[in-house]
Amino acid sequence: MITIDVPTATREDLLRFLPTNDMPARLKQPKTIAAPEEPVEQPQPVSPVPQIDLRRAVWEFIAVAPTLPNGGDRVGEATSAVTPWSYQVRAFHRMYDNWPPRLLIADEVGLGKTIEAGLLLRQAWLAQKAERILILAPKNVCAQWQIELREKFNLNWPIYDGQRLCWYASDAKKGQEVRVVSREDWHKEPIVIASSHLIRRADRQKELLEAAAPWDLVILDEAHHARRRGAGSSSESGPNALLRLMRALRERTQGLVLLTATPMQVHPVEVFDLLSLLGLPPEWTQEAFLRFFDEVLQDSPSHEAFDDLARMFRAIERAYGEVAVTELQRLGLTSPLRAKRVLNALRDRAKTPRRQLETADRKIALRLMRLHTPVSRLISRHTRALLRRYFKEGKISTPIADRRVEDRFIDLSPDGRTNALRGGRGLHLDNLQSGICRSAERHRLRDDYLSAAACQQLLRSQTNTRISPGRDDHTWCGDFAGRPRRES
């Protein structure tokens, strides 16, 4: 190897043979391939937040709120102008939670039957469960219904007077309060208040039963007017016009609610007629209905009667669901085994299990069967006496006023007596009410609207008949149970 210095190599033009890469080996490093860089996501452009019409959103929520779970069923109450009592809310839920409702509201006069019906009407209308509603009431209370619904529930629904639809006068209906309608068109209005006296007429019934579209809900106020003539007597002559109308109308409505403080006027068959409008188990015929309440109140019915009661009890369970064992425990039968044995005996078609029941168990079984009847299932009944008991037990916070009946006589001039006599029927009713009030005072009864027990006292003071006393205020079994029987 020849070593030449750089100047010599330059002169000899030897630099052109110089290697292109003359780096020492110790400095040479293996080449590494760099990992590809991960792509960086570019941020998406942010869309502008749309402007929310808060007012519109609130009203849209309100529109659907009645149909929502977890409180939607109380929107009607929350948006009404009343604060109902707990028993009124309970009656509302008995109807609304079992849609379509079939219930007879039989609270005493003044305890808010209209409030309970109004709660149902507003909630069902808001939730769109009922879009066609018919309210039938005596002519003299149709205006009262309209006012109550408008002022307490903000429902302005028209009254049909036979020729016109008349709304409650308000700014929203200014100039549109009255609309003339024909017989063929009045029932096309989705919600109507009408006189039961008008609609039950023979020449008007066809409009409701043939021409009108089916209804979602029908309310009948003063339902005791739908009755049979001479009920329970030898002169009984069949249903009156209103009862015939309701028997036909029940097939043309989903829901039916009856209101009356006095479902029984003179005979228990009147209660049967009203309950049959709501729907009874097929085994509960008129004869079976009357026989059941006559037998179930006996202290020791015969084996045959007990078997018949058990058969009716089985029909109740098939129609409304089985009775829980806890029901018997609540009646005092603390042993679960004994309670099951009593229930199984009532449910068994064979007679032997019932024959083997001890006397105490038979009495418990009788009490159970009194509590579970069509009366307890289809009637909501509250009395002032029951509400006073609720107050004492702390279930309601408002005390119930006591009433004291006083007779105050007014001396009339001869002309005054003549004018009063011209009142005819009104004077007769006043005299009848005055007689009842005087009888109530003699018997030291506080309420001017007499309870079943009060009526029994009055009957005993005037006749020699006896009506079996009631056993339970909650189910109201005894208020009409048992037909009058002669005392021995």
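The values are calculated or read from the model by the stated rules, or taken from the named source; none is laboratory data. On a predicted model such as this, the values are computed, not experimentally measured, just so you know. Reconstructed Cβ throughout: ideal geometry from the backbone, glycine too, with neighbour counts over all protein chains shown. These area figures cover heavy atoms from the full protein model, side chains too; ligands, DNA and RNA do not enter into them. Shrake-Rupley method; radii C 1.70, N 1.55, O 1.52, S 1.80 Å.
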With an 8 Å cut-off on Cα pairs and a minimum separation of 6 or more residues, tell me the relative contact order of segment 139-214 in percent. 29
Below 8 Å between Cα atoms, with a sequence gap of 6+, how large is the relative contact order for segment 106-259 in percent? 24
Please compare each pair in Lys113/Lys395; Lys152/Lys206; Lys139/Lys188; Lys340/Lys363; Lys152/Lys392 to a cut-off of 23 Å on the Cα-Cα distance and tell me which ones are over it. Lys152/Lys206; Lys152/Lys392
Ranking request for peptides 7-14, 384-391, 237-244: highest mean number of other beta-carbon atoms within 10 Å first, then the rest in descending order. 384-391, 237-244, 7-14
Glu60 versus Asp307: modelled label distance in nm, points set 7 Å from Cα along the beta carbon direction: 6.7
Everything considered on the Cα gyration tensor (a ≥ b ≥ c; rounded for a/c under 1.5, else prolate if a/b is larger than b/c, else oblate), segment 149-237 must be described as prolate
By the mean-Cβ-within-10 Å protection proxy, highest first, 248-254, 56-62 rank as 248-254, 56-62
Provide the FRET efficiency to the nearest 0.05 for the Ser413-Asp348 pair, computing r from the beta carbons and using R0 = 60 Å. 0.20
Counting only protein heavy atoms with a 1.4 Å probe and every protein chain in place, the carbon and sulfur fraction of the accessible surface of segment 205-301 in whole percent equals 46
With every protein chain kept in place and a 1.4 Å probe, the residues Leu421, Leu217 fall, from largest accessible area down, as Leu421, Leu217
